[in-house]
Amino acid sequence: MTHTHRIAIIFFAWVLCTLCACASSPKPGEVQTAAGSAKSTSEVSQKKDPSLIYGDPELNRAFEDWKNAGFPGHPDSRKYDLSGKASWYGPGLNGNKTASGEIFDMYGMTAAHKKLPFGSVVLVTNEENGKSVVVRINDRGPFVSGRVIDLSYGAAYLIDMVRAGVVKTHVDIIRIGDGKRK
């Protein structure tokens, strides 16, 4: 195989991958639901109510209670590192036990934080695009300096941070968990 043929094959593979990624990605003005269907942003707005994106009953209730209370800042917020960079994890750890003892589901709405008690529910906002996701803390991490939270792949996907890998975020505490391990 000549050098020219190799370049042509690499270029063809790149074009194919680019086309596949574009075909499966939501179009501008759409969001991807956990069920895999796209909805228009006029139907569902992550900026207004991110819990409606994926429909987890526990997280929906926590977010609704927080919203009905007027989105109060949690009194314990100063105890925890809540602003900084977020990363995500998933494929290599899917199915393993988390620090809380539950099995990690990379498509679930969960996250790892260094100090927040297990079971805490938080709103994570990608400061680069304003999209937010509600997640439950069930693991410890991240263990990289400057990072405040590790999101599951599913949560990272919803706030468009998978490609970037690491983005600047802000974390709001919705509810402090009981800290119990499973």
Matching residues in segment 111-126 (more than 13 Å from the chain's Cα centre (by Cα) and surrounded by fewer than 22 Cβ atoms within 10 Å (Cβ to Cβ)) number 5
Selected residue [in contact (Cβ under 8 Å) with a residue 12 or more places away in the chain, exposed (fewer than 15 other Cβ atoms within 10 Å of the Cβ) and not in a helix (DSSP H, G or I)] from Gly84, Gly95, Gly73, Gly108:
Gly73
Would you check which residues across segment 130-182 are part of a loop (DSSP other than H, G, I, E, B), surrounded by fewer than 22 Cβ atoms within 10 Å (Cβ to Cβ) and under 14 Å from the mean Cα position of the chain (by Cα) and list them?
Gly130, Lys131, Asp160, Val162, Arg163, Ala164, Gly165
Within segment 119-129, which residues are closer than 15 Å to Lys79 by Cα and assigned to a loop (DSSP other than H, G, I, E, B)?
Ser120
Residues of segment 137-182 being at pLDDT 95 or above, among the basic types (Lys, Arg) and under 22 Å from Glu58 (Cα atoms), in sequence order, are Arg140
Restricting the search to segment 61-89, which residues are touching a Phe, Trp or Tyr at 6+ places or on another chain (Cβ under 9 Å) and either polar (S, T, N, Q) or within 14 Å of Arg140 (Cα to Cα) (or both)?
Trp88, Tyr89
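Filter segment 158-168 down to the residues that are in contact with a strand residue (DSSP E or B) (Cβ under 7 Å, 6 or more places away or on another chain) and over 10 Å from Ser87 (Cβ atoms) and list them by number.
Leu158, Ile159, Asp160, Val162, Lys168
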Say we look at segment 43-90 and pick out the residues that are at pLDDT 75 or above and among the polar types (S, T, N, Q); which of these is nearest to Tyr153 (Cα to Cα)?
Ser87
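The values are calculated or read from the model by the stated rules, or taken from the named source; none is laboratory data. It should be emphasised that the depicted structure is a prediction, and the values quoted were computed from it without experimental measurement. Positions of Cβ are backbone-derived with ideal geometry, glycine not excepted, and every protein chain shown enters the neighbour counts.
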